[in-house]
Amino acid sequence: MKKVLSAAVIAAVFAIGGCASLGTSIKAEQAISAAKAENAKAHSAKYEWRDTGKMLKAAEKAYSEGDYETALKKATKAKEQAELAQIQARAQKNAGPIYE
């Protein structure tokens, strides 16, 4: 009876761990997709920041290697940069030299 109970507990622990990994995998995939969409907007405004693309590539690499936590972090940072680039594009829309 103790062996069966122990086996059930071990199986439950692994099942919960597998579900957590699956959830992180999905979150990372969604974050990468969202970051790509935001970066495309920044690119179309001609304000794509230098490192955003590198972060996206690093996120995709981490995802393909199964490191979903790193992929999620890098994709989130890339999305933040892409959003800030869009804000900068709007703020500096009429920027230019002023000749008096």
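A few remarks follow.
- Here Ala12, Ala8, Ala40 are screened, and the one residue that is closer than 30 Å to Ala95 by Cβ, surrounded by fewer than 16 Cβ atoms within 10 Å (Cβ to Cβ) and either modelled with pLDDT of 95 or more or hydrophobic (A, V, I, L, M, F, W, C) (or both) is Ala40.
- Neighbours by Cβ (under 9 Å, 6+ apart or cross-chain): first from the range 30-55, hydrophobic (A, V, I, L, M, F, W, C); second surrounded by 12 or more Cβ atoms within 10 Å (Cβ to Cβ) and not in a helix (DSSP H, G or I): Ala40/Glu48; Ala42/Glu48; Ala42/Trp49
- Single residue of the range 27-42 satisfying the filter (touching a Lys or Arg at 6+ places or on another chain (Cβ under 7 Å) and hydrophobic (A, V, I, L, M, F, W, C)) that is nearest to Ala62 (Cα to Cα): Ala31
- Selected residue (criterion: surrounded by the fewest Cβ atoms within 10 Å (Cβ to Cβ)) from residues of the range 61-94 that are among the β-branched types (Val, Ile, Thr) and closer than 25 Å to Leu22 by Cβ: Thr70
- Any chance Thr70 is assigned to a helix (DSSP H, G or I) and at pLDDT below 95: no
The values are calculated or read from the model by the stated rules, or taken from the named source; none is laboratory data. This is a predicted model, so every value here is computed, not measured. Glycine also receives a Cβ, built like all others from the backbone with ideal geometry; neighbour counts cover every protein chain displayed.
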